[in-house]
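I have placed the structure first, in the form of structure tokens, so that the comments after it can refer back to it.
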Amino acid sequence: MARGGEDGTIQGFLETLEVPYVGSGVLASSLTMDKARCKLFLRASHLPTADWVSVSQAEWDGRAGEICGQILDQFPAGCVIKPNNQGSSVGMSVLEGGEHPESAMDQAFGHSREVLVERRITGREFTCGVFGRENPEALPVTEIRVAGGFFDYEAKYQPGGAEEITPADISESLAREIQSLAVRAHKTFGCSAITRTDFMMDGDQPVILEINTIPGMTRMSLIPRAVLLRESSSNRSSTG
């Protein structure tokens with residue numbers, strides 16, 4: 001997998017060369033790619049995000065057994081373990097309550113020197129694109145239904161890996177709430193061009209999972225479908 005595109009590295013290189021580019025800048029790209037720092041910004045901005053802890057490689061090397069015990073105590077209903085700075089769910093594991101985290105932590109550390117451990121949420125999953133900078137606008141909300149349990153790398157990029165419903169079959173008020181949160185996240189990090197913010201329902205509250213500054217643009221990806229739906233709706237409104 002190519003590295004540097006989402007974390008601000010290429011953006012910084014282009015800015016050094018004074019080459020214009022489309023998309024979010026160095027700061028927004030680096031902050032949203034750094035999951036632990038991203039969650040700190042979300043929490044400080046009063047945007048909903050699941051409880052978490054981050055663990056460095058040095059901490060893990062020195063006291064892995066103690067950390068495993070703390071994870072089991074802090075997240076009795078299960079957790080999600082992921083590398084701190086990877087996209088596309090690379091290296092991610094979803095653990096049930098009581099499941100020992102050691103092998104999942106080792107797997108995540110194979111991709112990053114810092115690992116994020118997050119409280120597991122099991123509600124419906126949604127995503128919402130936002131485009132623009134000064135006055136960003138939200139795209140229609142998409143619901144993601146994954147037969148295999150969670151939206152991992154295979155589900156994202158293999159045909160039939162997930163069912164994606166646009167617009168999501170939800171109330172207008174919930175759709176507006178998700179769109180509003182996506183726009184607020186986009187603005188909080190100073191993003192531009194387009195982002196995709198992923199959500200999961202925790203009871204009746206949509207919780208932000210992450211913000212993607214370079215969302216997928218394959219023929220199967222979520223953003224192109226949402227854009228087409230928005231354009232189709234706008235055309236019907238203008239001709240109706």
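Can we say Ala77 is in contact (Cβ under 8 Å) with a residue 40 or more places away in the chain, among the aliphatic types (A, V, I, L, M), out of contact with any Phe, Trp or Tyr (no Cβ under 7 Å at 6 or more places or on another chain) and surrounded by fewer than 20 Cβ atoms within 10 Å (Cβ to Cβ)?
For Ala77, the condition - in contact (Cβ under 8 Å) with a residue 40 or more places away in the chain, among the aliphatic types (A, V, I, L, M), out of contact with any Phe, Trp or Tyr (no Cβ under 7 Å at 6 or more places or on another chain) and surrounded by fewer than 20 Cβ atoms within 10 Å (Cβ to Cβ) - is met.
Could you list, in sequence order, all residues of region 46-76 that are of a type in the set (Val, Ile, Thr) and part of a helix (DSSP H, G or I)? Step through it out loud before you land on a result.
Keep residues of region 46-76 that are of a type in the set (Val, Ile, Thr), which gives 49, 53, 55, 67, 71.
Scanning region 46-76 gives Ile67, Ile71.
With respect to (1) surrounded by 15 or more Cβ atoms within 10 Å (Cβ to Cβ); (2) at pLDDT below 95; (3) acidic (Asp, Glu), the lone exception for Glu118 is condition (2).
Note on region 44-89: residues that are over 15 Å from the mean Cα position of the chain (by Cα) and of a type in the set (Lys, Arg) amount to 1. Only residues that are of a type in the set (Gly, Ala, Ser), assigned to a helix (DSSP H, G or I) and either surrounded by 13 or more Cβ atoms within 10 Å (Cβ to Cβ) or in contact with a Leu (Cβ under 9 Å, 6 or more places away or on another chain) (or both) were counted across region 88-114, and they come to 2. Of the residues Val26, Val55, Val90, which is more than 18 Å from Phe189 (Cβ to Cβ) and modelled with pLDDT of 95 or more? Only one candidate passes the filter, namely Val55.
Out of curiosity, is Val19 β-branched (Val, Ile, Thr), part of a loop (DSSP other than H, G, I, E, B), over 17 Å from Glu210 (Cβ atoms) and modelled with pLDDT of 95 or more? Spell out how you get there, then give the answer.
Values: β-branched (Val, Ile, Thr): yes; part of a loop (DSSP other than H, G, I, E, B): yes; over 17 Å from Glu210 (Cβ atoms): yes; modelled with pLDDT of 95 or more: yes.
Yes: the conditions hold for Val19.
Filtering region 102-143 to residues that are of a type in the set (S, T, N, Q) and in contact with a Lys or Arg (Cβ under 9 Å, 6 or more places away or on another chain) leaves Ser112, Thr127, Thr142. The condition (being β-branched (Val, Ile, Thr), surrounded by 15 or more Cβ atoms within 10 Å (Cβ to Cβ), touching a Leu at 6+ places or on another chain (Cβ under 7 Å) and under 21 Å from Ser180 (Cα atoms)) is satisfied by just one residue among Thr32, Thr49: Thr49.
So, Ser89, is that one on the phi > 0 side of the Ramachandran plot, out of contact with any strand residue (DSSP E or B) (no Cβ under 7 Å at 6 or more places or on another chain) and among the hydroxyl-bearing types (Ser, Thr, Tyr) or not?
Values: on the phi > 0 side of the Ramachandran plot: yes; out of contact with any strand residue (DSSP E or B) (no Cβ under 7 Å at 6 or more places or on another chain): yes; among the hydroxyl-bearing types (Ser, Thr, Tyr): yes.
Answer is yes for this residue.
Quick one: count up the residues across region 22-39 that are among the small types (Gly, Ala, Ser) and in a helix (DSSP H, G or I). It would help to see each step written out before you state the result.
Narrowing region 22-39 to residues among the small types (Gly, Ala, Ser): 23-25, 28-30, 36.
Next, only the ones that are in a helix (DSSP H, G or I) stay: 28-30, 36.
Going through region 22-39 one residue at a time, the tally reaches 4.
The values are calculated or read from the model by the stated rules, or taken from the named source; none is laboratory data. This one's a predicted model, so the numbers in the text were calculated from it and none came from an experiment. Please note: Cβ atoms are built from the backbone with ideal geometry, for glycine as well, and neighbour counts cover all protein chains shown.
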